[in-house]
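Undergrad: I am attaching a structure below and will ask some questions about it afterwards.
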Amino acid sequence: MSAVAHQPHRWTRQEYEQLVAAGGFAPRTCVELIEGEILDMAPQNSRHSTALRLVEDVLRNAFGAGYDVRPRLPLALEDHTEPEPDIAVVVGSPRDYRNQHPTTAVLVVEIADSSLDFDRGRKGQIYARNDIPDYWLLNLPDGMLEVYRDPRSVGYADRQLVGPGQSIASLSASEAPVRISDLLP
């Protein structure tokens, strides 16, 4: 008799969404599906929460009509991946996504304190692999914005560091630069 290797179950988005719909997680449990694994999301401390609200407000003003600024809502990127970025800016309005989550975004923003390495590495690779053209990582420990552009299959080819005294515009809202100091708590 041959031995059966123990393998972890790799969840699909469909299975994950069925589990969520069936109440498979306690209320207020924060998880996301990353490459088939259901991962606990780091809890938000007050600095992270403040930054999230600031980024959301600034980006709503920068993008305006025709874009939906989505805080901590799912992106259906791959069969086994459904991250919930801190902010995703998608084309359209909230009602455009009433039947399914968006499958892309024009800008994704992650706010990182304890999750800095994960957001730079694994999440950045996922966003690049899915052709998210503009990925911003608000680096709270260093008080700066890391801007990633030119997605490739293994990551982003372009990385720019932008400090508190500087401004930058999203590729999709180039006429509306934002000050980095307006994003920081």
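Here is a yes/no grid of residues against (1) surrounded by fewer than 16 Cβ atoms within 10 Å (Cβ to Cβ); (2) at pLDDT 95 or above; (3) assigned to a loop (DSSP other than H, G, I, E, B):
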| residue | (1), (2), (3) |
| --- | --- |
| 25 | yes, no, yes |
| 28 | yes, no, yes |
| 38 | no, no, no |
| 50 | yes, yes, no |
| 61 | yes, yes, no |
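Undergrad: Something else about it: Name the residues in segment 1-23 that are surrounded by fewer than 12 Cβ atoms within 10 Å (Cβ to Cβ), of a type in the set (A, V, I, L, M, F, W, C) and part of a loop (DSSP other than H, G, I, E, B), would you?
TA: If the condition is that a residue be surrounded by fewer than 12 Cβ atoms within 10 Å (Cβ to Cβ), of a type in the set (A, V, I, L, M, F, W, C) and part of a loop (DSSP other than H, G, I, E, B), then 1, 3, 4, 5, 22 are the ones that fit.
Undergrad: In addition: Which residue pairs have Cβ atoms closer than 8 Å, lie 6 or more positions apart in sequence or on different chains, and pair a first residue in segment 3-23 that is within 17 Å of residue 78 (Cβ to Cβ) with a second residue that is part of a helix (DSSP H, G or I)?
TA: Final answer for the pair search is 11/19.
Undergrad: Further question on the same structure: If I filter segment 115-166 down to residues being in contact (Cβ under 8 Å) with a residue 60 or more places away in the chain and not in a loop (DSSP other than H, G, I, E, B), which single residue comes out as surrounded by the most Cβ atoms within 10 Å (Cβ to Cβ)?
TA: Across segment 115-166, the extreme among qualifying residues is 138.
The values are calculated or read from the model by the stated rules, or taken from the named source; none is laboratory data. Please read these numbers as outputs of a predicted model, since none were measured by experiment. So basically every Cβ, Gly included, is an ideal-geometry build from the backbone, and we count neighbours across all protein chains shown.
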